[in-house]
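Shown next, in structure tokens, is the structure this report addresses.
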Amino acid sequence: MDGIDRGVGVTALMVAAARAIEHRRPDALAHDRFAEHFVRAATVSRAWPVHPREVPEGDAHPVWGRLARYFGLRTRVLDDFVAESTQVVLLGAGLDSRAYRLPWPRGTTVYELDQAGVLGFKHHVLDRSGVDPAAGRVPVPVDLRRDWAPALLAAGFDPARPTTWLAEGLLLYLPAVAEQALITAVDRLSAPGSRLAYEIKSVREVPRIRDSPVYRRARQEIGVDLLGLFDDDPRPDSTIALTSYGWRTSTRTPFHFTDVHGRGPRPEPHDALAANRWIFADKITAKITA
């Protein structure tokens, strides 16, 4: 049972492999003991590395070295972001195992929204592990390009409670209109005190960056065409919308967190990571209307 062998499902496996590698590093920023099981359970990824010793070129490898460290850093930052939350929504949950591996407060519920095939594969692998989640885990199969809010509400989500929302690596793949609808829906479903974190690319890469070793070798070595999956629509500035809705936002580069933690990717010439931005938002008031 794969159900995850193409498109964004393969990128979820790539991120899982990166987390598995990070988990085994002596200086790991994040630990995910379930990630290796996802990688080994899918046909397309069965031969991918899940340990630093399996990575040719070590940290110099563009995908399993530098990009994997990026995903490890992102995992740690967002782990810290959701700490102490009691209602969490993972938008584009992929193979995120936070419901199982983080020390949640008693009574926390984690809603996982993604395609039915991805969630089905994930449930199959985790069910075989014999480990119970550390929070109430509620899978919600949806297409995030469409109206997903009714399914979330039907699953028991409480919009009157402050919510922590994660869109980890999601908006890169959504059409602009779907991003705008998602931001509007998040605001509509968020009580004051809610929080949101998501990732964007601030500009479209110029040709010399689009030919960088990260993209080229991901295509050649593991069959993942990241550029082909990114949506090419002009991107909206969702921080403007959030501000008008009563959210306070901040924007950081991943390199900021490399400095904070002392580990992670650092800037390089013609860098595929240079345009990446991580947005953090807190809902302070109700929507501002004219």
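Take region 163-184 and flag every residue that is surrounded by fewer than 17 Cβ atoms within 10 Å (Cβ to Cβ) and either of a type in the set (V, I, T) or at pLDDT 95 or above (or both). Before the answer, list the steps.
Keep residues of region 163-184 that are surrounded by fewer than 17 Cβ atoms within 10 Å (Cβ to Cβ), which gives 175-177, 180, 184.
Result: V177, Q180, T184.
Of all residue pairs spaced 6 or more apart or on separate chains, those with beta-carbon atoms under 8 Å, a first member in region 139-165 that is free of Cβ contacts under 8 Å to residues at least 60 places away in the same chain and a second member that is among the hydroxyl-bearing types (S, T, Y) and in a loop (DSSP other than H, G, I, E, B) are P159/S190.
Residues in region 196-209 that are part of a strand (DSSP E or B) and either closer than 23 Å to D147 by Cβ or more than 15 Å from the chain's Cα centre (by Cα) (or both): L196, A197, Y198, E199, I200.
Consider region 30-72 and keep the residues that are among the aliphatic types (A, V, I, L, M), touching a residue at least 40 places away in the same chain (Cβ under 8 Å) and more than 30 Å from A191 (Cβ to Cβ). The one that is surrounded by the fewest Cβ atoms within 10 Å (Cβ to Cβ) is V44. Among the residues of region 73-90, those identified as free of Cβ contacts under 8 Å to residues at least 24 places away in the same chain and either of a type in the set (D, E, K, R) or on the phi > 0 side of the Ramachandran plot (or both) are D80, E84.
Within region 120-138, being at pLDDT 95 or above, touching a strand residue (DSSP E or B) at 6+ places or on another chain (Cβ under 7 Å) and not basic (K, R) holds for A135, G136, V138. Could you grab me the full set of residues in region 105-124 that are over 19 Å from the mean Cα position of the chain (by Cα) and either crowded, with 20+ Cβ neighbours inside 10 Å or touching a residue at least 12 places away in the same chain (Cβ under 8 Å) (or both)? Passing the criteria: P105, G107, T108, H124.
Does L95 fit the bill of being within 14 Å of the chain's Cα centre (by Cα), under 24 Å from T184 (Cα atoms) and in contact (Cβ under 8 Å) with a residue 60 or more places away in the chain? Answer is no for this residue.
Determine whether S212 is touching a Phe, Trp or Tyr at 6+ places or on another chain (Cβ under 8 Å) and among the small types (G, A, S). I'd like the intermediate steps shown before the answer.
On the way: touching a Phe, Trp or Tyr at 6+ places or on another chain (Cβ under 8 Å): no; among the small types (G, A, S): yes.
Spelling it out, it is not the case that S212 is touching a Phe, Trp or Tyr at 6+ places or on another chain (Cβ under 8 Å) and among the small types (G, A, S).
With the requirement that a residue be among the small types (G, A, S) and in contact with an Asp or Glu (Cβ under 6 Å, 6 or more places away or on another chain), what does region 29-53 give you? Across region 29-53, the qualifying residues are A30, A42.
The values are calculated or read from the model by the stated rules, or taken from the named source; none is laboratory data. This is a predicted model, so every value here is computed, not measured. Every residue, glycine among them, receives a Cβ derived from its backbone with ideal geometry; neighbour counts consider all protein chains shown.
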